[in-house]
Amino acid sequence: MPRIAGHPRVVRLGMSLWPPFWGAGIKVKSIAPDWRSATVQLCQRPWNMNYVGTHFGGSLFAMTDPFWMMMVMHSIGPGHIVWDKSGEIEFRKPGRGTLSCHFILGDAQLAELSTAVATHGKATRWFAVDILDEAGETVATVRKEVYVRAKGRSPQKT
């Protein structure tokens with residue numbers, strides 16, 4: 001079961017049907033087989049708009065929430081503990097219609113984390129993704145700080 005449940009296609013479908021995502025209008029469009037990229041959409045519906053008729057900011061943040069952590073967890077390899085540590089969102093313009101974001105986890109980002117974990121036993125790194133409207137304009141930028149630690153190794157104080 002864990003092998004099936006951890007397959008990107010199963011996770012994509014499961015997350016799209018997960019009640020908090022489904023209810024918010026969030027759909028996971030793709031997760032790469034190697035967990036190095038993902039695309040997510042947020043469709044505007046009457047029940048996910050705010051008081052002024054634009055996308056609710058919590059839905060914008062939610063559409064980005066688990067992806068950096070999951071991508072790092074599956075890409076950095078076994079023997080690591082990976083958690084979201086913190087996050088922030090910067091709203092740039094009101095969001096209307098269908099919004100999307102595309103996550104890409106690069107080799108340099110993974111190498112930086114792996115080196116820091118090998119050296120210090122733990123590491124944190126900030127990742128950012130832009131949420132775009134249908135015209136390709138940035139509606140918001142979400143930054144997430146991901147924590148990585150080697151399993152079975154006490155992290156050194158830094």
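The values are calculated or read from the model by the stated rules, or taken from the named source; none is laboratory data. A quick note: this is a predicted structure, and the numbers were derived from the prediction, not measured. For neighbour counting, all protein chains shown are included, and Cβ atoms are generated from backbone atoms with ideal geometry for every residue, glycine included. Only protein heavy atoms, including side chains, enter the accessible area calculation; ligands, DNA and RNA are left aside. Shrake-Rupley method; radii C 1.70, N 1.55, O 1.52, S 1.80 Å.
Assorted remarks:
- As a length-normalised measure over Cα pairs under 8 Å and 6 or more apart, the relative contact order of the chain settles at 22 percent.
- Gain in span if fully extended, residue 96 to residue 126, counting 0.36 nm per residue against the direct Cα distance: 8.1 nm
- Each part reduced to its alpha carbon centroid, the stretch 13-75 and the stretch 79-102 end up 9 Å apart.
- The lysines whose alpha-carbon is closer than 27 Å to the alpha-carbon of residue 122, local same-chain residues fewer than 8 away aside, are 85, 144, 151, 157.
- Residue 88-residue 115 FRET efficiency (beta carbon distance; Förster radius 30 Å; 0.05 resolution): 0.75
- Solvent exposure of the chain amounts to 56 Å² per residue of accessible area, where only protein heavy atoms count and the probe is 1.4 Å.
- Accessible-area ranking of 122, 151, 29, largest first, probe 1.4 Å: 151, 29, 122
- Of the solvent-accessible surface of the stretch 68-118, computed with a 1.4 Å probe and all protein chains present, 59% belongs to carbon and sulfur.
- Put a dot 7 Å past the Cα of residue 151, heading toward its Cβ, do the same for residue 52, and the two dots end up 4.8 nm apart.
- Database remark: amide H of residue 85 closer than 5 angstrom to the amide H of 145, 146, 147 (H placed geometrically; neighbours at sequence offset of 5 or more, or on other chains; Pro and chain starts carry no H).
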